[in-house]
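Right, one structure below, let's go through it.
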Amino acid sequence: MDAPAQRRELRQQLAERRRALTPLERITAAQGLRRTLEQLPEYFTDARVAGYWASNGELPLNVVIPPLAAREQQFLLPVIGADKQLRFAPWQAGDAVQPNRHGIPEPVAPATWFAPFQLDLVLVPLLGFDRRGHRLGYGGGYYDRSFAFLKDQVRPTEPLLVGIGYAFQELDAIDAEPWDVALDFIATERELIDCNGEPDSKVSA
């Protein structure tokens, strides 16, 4: 089996395992994720925090988002542009959304939006990850294209990229492609992994 086929099979296996989680398991993981992110100073201080609308079993951000508004931090959701680049629009509970081409909710006709380089902290969805910050995404390449400018910069810098996933999504190693943009941290329901530190650098939640 060639590498692309292996990736497709791995994506399918991880997606199926994620979808099989019970509602209670998702709720418990969401609470654990918040405790993990509270170990990251930027979660408390960064002005523009981008995330995602959890779908297809992704780790929910519903417990992570409300404290941002209380601290007057801005939460943003990705919007896919015609050029297949991501832009980010402010969103808060109650704001209207509509499904994009992949069926994922996006803000409806946002009055303003921000380019990737204007963000401070980005919570990145994923299907798999390793401790070096390599991410197995969904195959669309949206995040790699949108944050490609970070490959020319000394990391970590802004925006800080934090992959969000369940602990079981950890893989021993992911072979990075030339266009892949590495993550700075991984946050699971159990721990915060510093991908720029020592290979086994982590802080338990």
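Which whole-number value in Å² is the accessible area per residue of the stretch 1-88, probe 1.4 Å? Please report the intermediate quantities before stating the final value.
Working: 4750 Å² over 88 residues.
It amounts to 54 Å² per residue over the stretch 1-88.
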Check your understanding: What is the packing order of peptides 42-55, 68-81, taking the mean over residues of other C-beta atoms within 10 Å and listing the highest first?
Key -> 42-55, 68-81
Review point. If you add up the charges near Gln13, with Lys and Arg at +1 and Asp and Glu at -1, over every other residue whose beta carbon is less than 14 angstrom from its beta carbon, what do you get?
Key: +3
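So which trypsin sites (Lys or Arg not before Pro) in the stretch 137-196 end up in coil per DSSP with only 16 or fewer other C-beta atoms within 10 Å?
On the way: sites: Arg145, Lys151, Arg190; in loops: Arg190.
Those that pass, being in a loop and sparsely packed, number zero.
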Point to revise | Arg35/Asp83 FRET efficiency (R0 45 Å; Cβ-Cβ; nearest 0.05) | key: 0.75
Practice item. Note down the nm distance, to one decimal, between modelled labels 7 Å out along Cα→Cβ at Glu25 and at Asn56. Key: 1.8 nm
Check your understanding: Can you give the extra length, in nm with one decimal, that the chain gains between Arg11 and Ala173 once fully stretched, where that is 0.36 nm per residue apart less the Cα-Cα distance?
Key -> 56.9 nm
Practice item. With the full set of protein chains in place, find how many percent of the accessible area of the chain is carbon and sulfur; take the probe as 1.4 Å. Key: 52 percent
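The values are calculated or read from the model by the stated rules, or taken from the named source; none is laboratory data. Quick caveat, the model's predicted, so the values are computed rather than measured. Cβ sites come from the backbone with ideal geometry, for glycine too, and all protein chains shown count toward neighbours. Side chains included, ligands, DNA and RNA excluded: accessible areas come from the protein's heavy atoms. Shrake-Rupley method; radii C 1.70, N 1.55, O 1.52, S 1.80 Å.
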